[in-house]
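The values are calculated or read from the model by the stated rules, or taken from the named source; none is laboratory data. Model, not experiment: these values are computed from the prediction. Positions of Cβ are generated from backbone atoms using ideal geometry, with glycine treated the same way; all protein chains shown enter the neighbour counts. These area figures cover heavy atoms from the full protein model, side chains too; ligands, DNA and RNA do not enter into them. Shrake-Rupley method; radii C 1.70, N 1.55, O 1.52, S 1.80 Å.
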Amino acid sequence: MNAPVVVTERPAEGVGLIRINRPEARNALNLEVRRLLARHLTEMGDDDAVRCIVLTGNDKAFAAGADIKEMADASTIDMLLRGTQKMWRTIYACPKPVIAAVSGFALGGGCELAMTCDIIIAGESAKFGQPEVKIGIIPGGGGTQRFPRTVGKYKAMRYVLTGDLFGAREAAEMGLVSEIVPDAEVEKRAVAMATQIAELPPLAIQQTKESVLRGMDASLETGLTLETRTLQMLFASQDQKEGMAAFIEKRKPKFTGR
Ligand code: CO8
C-alpha cells in the first residue's frame with residue numbers, strides 16, 4: 001500500500017513538498033494522515049534546507065475532510081483521547097511559509113487545513129466548503145473561527161450554516177484564495193511561488209509570517225509594536241547587511257539565513 005502522506009524533499013531548491021495520498025478516500029484526513037502531516041511539517045520546519053513548503057493533494061481532492069468512517073462510532077472520550085487539536089496546532093505553528101496547492105475538493109477539515117496555510121493557490125474548478133452540519137457536527141479545525149475571521153461573519157455564516165460548497169472564484173472573491181490558476185498548473189504555480197519565497201532571506205520571511213499571524217490575533221497597537229520590534233531585531237542579521245549592501249552595490253544578494 002502506498003504511504004498516505006508522501007514527502008518530496010526538493011521539487012526545487014529550498015522547497016519541500018508534502019502530498020496527501022489517499023485517493024481512494026478523496027484524501028480524507030484519518031488519524032494516520034494527520035499524524036504524518038504534523039510530523040513532516042515539524043521536520044521541515046526544523047530543516048534549514050527547506051525554506052518554503054507546498055502542501056497538496058491530487059487532482060480530485062486536496063482533502064475531503066476528516067475521515068467520517070473513522071469517526072462515525074467514536075465516543076466523546078475517544079475524540080478527547082485522539083487529541084487532534086494538538087496535531088492541528090503543530091501544523092499551524094510551522095515557522096516556514098506553507099502554500100496550499102488546492103485541486104478538487106477542500107471540504108471540512110480539508111478546507112480548514114488549507115486555511116491553516118499561509119497562501120492558497122487553487123485550481124479553477126476547486127471546490128471548498130464546511131459541510132459538517134450535514135453530518136451532525138460542527139467544523140473542528142478552525143472553520144467556525146478562521147473562516148469568519150477571513151471572509152467576515154455573513155459570508156461565513158452563509159456557508160457554515162448550510163454546508164453548501166463554493167467554487168474557487170467565489171473563494172477568491174471572499175479573500176479565501178490567494179490566486180486561481182488553470183487546474184493543470186496548480187502544483188507548478190505553487191512550487192514556483194515557493195521557489196521565489198525560498199530565495200529570500202529566511203529570517204525575514206519567518207519573522208514576516210510570525211508578525212502577520214500574531215498581529216491578526218492582537219490589537220492594532222500591539223501588532224504594530226510587535227512589527228516595529230521585529231524590524232529592529234532584524235538589523236542584527238547578516239542577511240539585512242547583505243541585502244542592503246547588494247542593493248547599493250547593484251549585485252545579487254547571497255543570503256545565508258544568519
Ligand atoms: N471520510 C471518509 N471517506 C470519504 C470522505 C471522508 N470525509 N470523503 C470521501 N470519502 C470516500 C467515500 O466514502 C468513497 O469511498 P467508497 O469508494 O469506499 O465508497 C470515496 O471516498 C469516494 O467518494 P465519493 O464516491 O463520494 O466521491 P465523489 O467524487 O462522488 O464525491 C465528495 C466527493 C463530494 C468529496 C464526497 O465524497 C463527500 O461529500 N465527502 C464528504 C465531505 C464531508 O462531509 N467532509 C467533512 C467531514 S467532517 C470534518 O471534516 C470535521 C473536521 C473536524 C476536525 C478537523 C480535523 C481534521
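Evaluate E = 1/(1 + (r/R0)^6) for E70 and Q196, where r is the Cβ-Cβ distance and R0 equals 35 Å; express this FRET efficiency to the nearest 0.05.
0.40
Leaving ligands, DNA and RNA out of it, report the carbon-plus-sulfur percent of the accessible area of the chain at a 1.4 Å probe.
Values: 7790 of 13860 Å².
Solvent-exposed carbon and sulfur of the chain make up 56 percent of the total.
Within the chain, what percent of beta bridges assigned by DSSP are antiparallel, to the nearest 5? Intermediate values should be presented prior to the final figure.
Details: 8 of 30 bridges.
DSSP beta bridges in the chain are roughly 25 percent antiparallel.
Taking the Cα atoms of region 5-198, report the difference between the largest and smallest coordinate on each principal axis, in whole Å and largest first.
45, 37, 30 Å, listed from the longest principal axis down.
Build a GNM of the chain with springs between Cα atoms under 10 Å: which of G140, G108, G45 gets the top mean-square fluctuation?
Residue with maximal mean-square fluctuation among G140, G108, G45: G140.
With every protein chain present, what is the per residue accessible area of region 202-249 (1.4 Å probe, Å²)? Present the calculation step by step, with values, prior to reporting the outcome.
Details: 3320 Å² over 48 residues.
Dividing the accessible area of region 202-249 by its residue count gives 69 Å².
Just reorder T208, T144 by solvent-accessible area, largest first, 1.4 Å probe, all chains present.
T208, T144
Mind checking which lysines have their Cα closer than 23 Å to the Cα of K69? Skip sequence neighbours fewer than 8 apart in that chain.
K60, K86, K127, K134
What is the extension gain from A93 to L80, computed as 0.36 nm multiplied by their sequence separation minus the C-alpha to C-alpha distance, in nm to one decimal?
So the chain would gain 2.6 nm between A93 and L80.
Place a label point 7 angstrom from the Cα of M157 along the Cα-to-Cβ direction, then list the residues of region 204-241 whose backbone nitrogen is under 14 Å away.
Counting only backbone N, you get no residues.
For the chain, find the longest principal axis of its Cα atoms and tell me its angle to the long axis of helix 186-198, 0 to 90°, nearest 10.
Value to nearest ten degrees: 30.
Per 0.36 nm of contour for each residue apart, how much would the distance between S219 and K60 grow if the chain were fully extended, relative to their Cα-Cα spacing?
The span from S219 to K60 would gain 53.3 nm if fully extended.
Among residues other than H40 whose Cβ falls under 13 Å from its Cβ, what is the net charge (Lys/Arg +1, Asp/Glu -1)?
In short, 0.
For K250, go through the lysines and keep the ones whose alpha-carbon is under 30 Å away, minus same-chain ones fewer than eight residues off.
K96, K209, K241
Gap in Å between the Cα centre of region 233-258 and the Cα centre of region 5-36?
If we compute the Cα centre of each part, the gap is 34 Å.
Say R0 is 30 Å: what FRET efficiency, to the nearest 0.05, do T150 and L31 get from their beta-carbon distance?
Numbers: r = 27 Å, r/R0 = 0.89.
The computed FRET efficiency comes out at 0.65.
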